[in-house]
């Protein structure tokens, strides 16, 4: 007789699972991770964060809690081994997650960074929502441009975060906004962070990360009422000047392929499009 297959169980993760999830992620063979500001363990108690067991062994996980409400990204999907049942495993975690998101009326998005992951998405009714392109700076500091006389650009502080989140939500479509918690994580991980202020009101901000070799403009937003006042340009130019003084000349930025205003701004600052790009997928959730 053939040995019986281990029983498959799927359940929501709890804080007591953090240690085993950490060990699992260190050893997992197939891993998709979103470009989140918050570490994966911050999502463990947020639904859905589903764990799939074969017998007592954790073999796969799936996390896509909405953040902010109404917009969910797949934070992680991981399996402990390559398997011909990969699509079956993916389905077993995706479907209950979609049911939770449907109750919350949240849309589901994900970035595809691996070919195997694109295959899963294409096989399960995901469609391409947008494409993200990458630009590199040409290492030549751009000229200064005029700005309103009462504009002040200064370093961002933690007490600015509520105002920064407000600007973010008024600037971007909901799919591209981030929560207060994620904004705080972005702030604390930034190598350079600044705000634009007029009459004691924050109207724009910039956040950038860096290593000893390169920097990346991670977020830039200006309130729509001031989008033609060279504020985004000036925030970015000061960031470039800062990293140039540190002898960091490789600076990158990502934006949507169809965002002509954003691409035009970055080209004016000396950025050029590269051949690198990656798709954003979307799954319709019936309400």
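Please pull out the direction-averaged projected area of region 8-124, using the convex hull of its alpha-carbon atoms, in nm² to one decimal place.
On the way: hull surface 27.1 nm².
Seen from a random direction, the Cα hull of region 8-124 projects 6.8 nm² on average.
With viscosity set to 0.890 mPa s at 25 °C, what whole-number translational diffusion coefficient in µm²/s follows for region 134-279 from Stokes-Einstein and a Kirkwood radius over Cα pairs? Spell out each step's value before the answer.
Details: Rh = 15.4 Å.
My calculation gives 159 µm²/s for D.
May I ask for the angle, rounded to the nearest 10°, between helix 231-245 and the longest principal axis of the chain, with both axes built from Cα atoms and the value confined to 0 to 90°?
The angle comes out near 90 degrees.
To the nearest 10 degrees, how steeply does helix 180-189 sit against the main Cα axis of the chain, on a 0 to 90 scale?
70
For n ≥ 4 DSSP H runs only, could you compute -39500 (n - 2.57) per run for the chain, divide by its residues and tell me the 222 nm figure to the nearest 500? Write out the running numbers ahead of the final one.
Working: 7 runs with 83 residues, N = 287.
Result for the chain: -9000 deg cm²/dmol, rounded to the nearest 500.
Between the helical axis of 161-171 and the dominant principal axis of the chain, each derived from Cα atoms, what acute angle in degrees is found, rounded to the nearest 10?
Roughly 90 degrees, rounded to the nearest 10.
In a GNM of the chain with a 10 Å cut-off on Cα contacts, which of 175, 222, 195 has the highest mean-square fluctuation?
Looking only at 175, 222, 195, the largest GNM fluctuation is found for 175.
With a bin width of 10 angstrom, please list the P(r) values of the chain as percents of all Cα-Cα pairs, from the 0 bin to the one holding the largest distance.
Calculated P(r), rounded to whole percents: 6, 25, 31, 22, 12, 3, 1, 0, 0.
No value in this document is a laboratory result; all are computed from the given coordinates. Because the structure is predicted, anything quoted here is derived from the model rather than measured.
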